[in-house]
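The numbers here are math on the coordinates, done by the rules we state, and not lab data. For clarity, every value in this text was computed on a predicted model and none was experimentally measured. Don't worry about glycine lacking a Cβ; one is built from the backbone with ideal geometry, like all the others, and counts go over all protein chains shown.
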Amino acid sequence: MKNFMLIVTILCGLTLNSSITFADESHSSDKSKWNPGRPDSHAPIGVMGEHTHGANEYMLSYRFMSMEMNGHRQGSHSLSSADVFDLDYDIAALDMSMNMHMFGFMHAPSDEITLMGMINVVENSMNMLHKPGEMRMGGGMDMGDGMDMHHHGEKMSHRSSGIGDISIGGLYKFYDKKNQRAHLNLSVILPTAGVEESEHGMLLPYGMQLGSGTWDLKPGITWLGQSGSFSYGAQVMATIRLEDENEAGYALGDRLDTTAWLAQQLTNELSASLRLSYTKSDPIEGLFHNAHNHNSPTFLQANYGGNFLEGGIGLNWQFKKGALKGHRFSIEGIFPLDQDTNGVGMDRDYTVIAGWQFAF
Ligand SMILES: [Cu+2]
């Protein structure tokens, strides 16, 4: 609720600012055409594949995303570690962070078609708490260090890192009139991510693996519009797993991502945005073929996915002169507004995405 009030406050602030005028907008020769030369001609940085390029343009980009999760929840209720132990689990996750470095490339062979590719490097870490006063379960979870874990809750931390899934795709712009544009998105995800990451000889939970590890298809549609100093857009994107299982034996659930945003140009180099996103994600299917624990919610397929409503606040800078001319820098903070996890999932805390983009 606090986040929601914050967004409303900022929305009001943006509206009050709308009287600012821009001398620079006249460089667009055709006023009825969607203008690609504005900072808000790119969506908030957390949205992918949201703009097309003009014929023969290239773009390089780098995004850093940090997603923080804090403890567990069951459906719409947050759970304490004690609640998790009461549900007959021996290990509760305290927190998890997923950091992603995303390197992107775009090229438009024509005004209608833009090709894009992205490669991710993923770094995950998770802290877990062992149930206090519990004999350690068998199965060889090697905690090392020879600590006495039979009387007090023992903390463990896990890490994984490496190349994530690679995506290759294209955008087809089919509408470009009346200050609006629309395009179709289609990407293929290559199963390049490690999905059998382990520590101390034991598989890490599904959520700590580095990607889907299956061939996936991501079809979508994106709509963009501009009106005075405001711009807006919406995107619907599906993720469809083309295989029943990856090399480890499971497949992440299909998901649907929908988002809509409103941005305002504050100066000819800076814009601010508000965004709502709704994600629906199915549970994991299949399971690890190799030996793994079942004593933590993060090891059960049914505890993944859910429905997530989130709000985002972002800024885009587009440098128009000086040494940084042509470079864009953007940042977006994303906060959960409503979460309904499948089973005992993890509680989303916040996500921050920062990016650099350079077109030439
Ligand atoms: Cu681009």
Find the residue count for the stretch 197-238, including only residues that are of a type in the set (S, T, Y) and free of Cβ contacts under 8 Å to residues at least 40 places away in the same chain. 3
Considering only residues of the stretch 52-85 that are surrounded by 17 or more Cβ atoms within 10 Å (Cβ to Cβ) and of a type in the set (D, E, K, R), which is farthest from the ligand (Cβ to nearest atom)? D83
Taking the stretch 310-332 and the residues there that are small (G, A, S) and surrounded by fewer than 18 Cβ atoms within 10 Å (Cβ to Cβ), the one that is nearest to the chain's Cα centre (by Cα) would be G326
Between residues in the stretch 55-66 that are closer than 15 Å to F360 by Cα and residues that are assigned to a loop (DSSP other than H, G, I, E, B) and more than 9 Å from the ligand (Cβ to nearest atom), which pairs lie under 6 Å by C-beta distance while being six or more apart or on different chains? A55/S110; A55/D111; Y58/F360
For P297, state whether it is surrounded by fewer than 20 Cβ atoms within 10 Å (Cβ to Cβ) and in contact (Cβ under 8 Å) with a residue 40 or more places away in the chain. no
Which pairs have Cβ atoms under 7 Å, sit 6 or more apart or on different chains, and link a residue in the stretch 245-272 that is closer than 19 Å to P44 by Cβ to one that is in a loop (DSSP other than H, G, I, E, B) and among the polar types (S, T, N, Q)? Q264/S229; Q265/S229
